[in-house]
Amino acid sequence: MSKEKKMKYTKLLLLSGCLLMFSACNSTDSTSTSDSTTVDSSSFSISSTSYSDNGSIASKYACLASGGSNISPQYSWENASSATTSFAIIMDDEVTPCGTGDSACKHWAVFNIPSTVISIDENQDISEISNATEGMNYTTTNGYAGPCPPQEHIYKTTVYSLNSSMPTINAGTALTRSKFSSTYSDNILESATISGIFTP
């Protein structure tokens, strides 16, 4: 083999080796990228020991006029984003005579819940939760207002996982789930909802 051919052959071998190394590096990078962006298959969720999703709400959680004790239900949530810095929870009713969306009947709202808090006890004293505030309900008072319908109604409670730019919400702020979602859409990381049915 001539010297010129040997040099061409050597260059070809070097080029092939580089291509193989490049391919191997790309393969490793692809796996690394895939691993770093893997999303946990679990999802943000809310549950309650007071009633199951789409289950019946017991009379003790209803208003006094409906024979209840106006006790707020228990709620827990899990699998929030690691970027969560606070939570908010809102309960409302969209069954007639209540309106829908922004015009729903407001039953309860708890704002500024620290990210370390992942549950609210039955009949919880919200003042025991650092920085938390309660919104105004349909009775124009701050705090929980239990179901008080003329006939069967559905009550939806949504918990929101919020980012670091979420502003503090003052006590007495009146917000339905719809209004909260539209007002703070840039701050909401995730949300989860549980429904309960109350029949007087």
- Query: Assuming R0 = 30 Å, what is the FRET efficiency of residue 168 and residue 49, from their Cβ-Cβ distance, to the nearest 0.05?
  - Reply: 0.55
- Provide the per residue accessible area, probe 1.4 Å, for segment 88-131, rounded to a whole number of square angstrom. 45 Å²
- Additional length obtainable on full extension of the chain from residue 100 to residue 123, 0.36 nm per residue less Cα span: 5.6 nm
- Item | Accessible-area composition of segment 45-200, carbon plus sulfur, in percent [1.4 Å probe] | 45 percent
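The values are calculated or read from the model by the stated rules, or taken from the named source; none is laboratory data. Worth saying up front: this structure is predicted, and the values here are computed from it rather than measured. Every residue, glycine as well, gets a Cβ built from its backbone with ideal geometry; the counts of neighbours run over all protein chains shown. Surface areas here come from the heavy atoms of the whole protein model, side chains and all, with no ligands, DNA or RNA. Shrake-Rupley method; radii C 1.70, N 1.55, O 1.52, S 1.80 Å.
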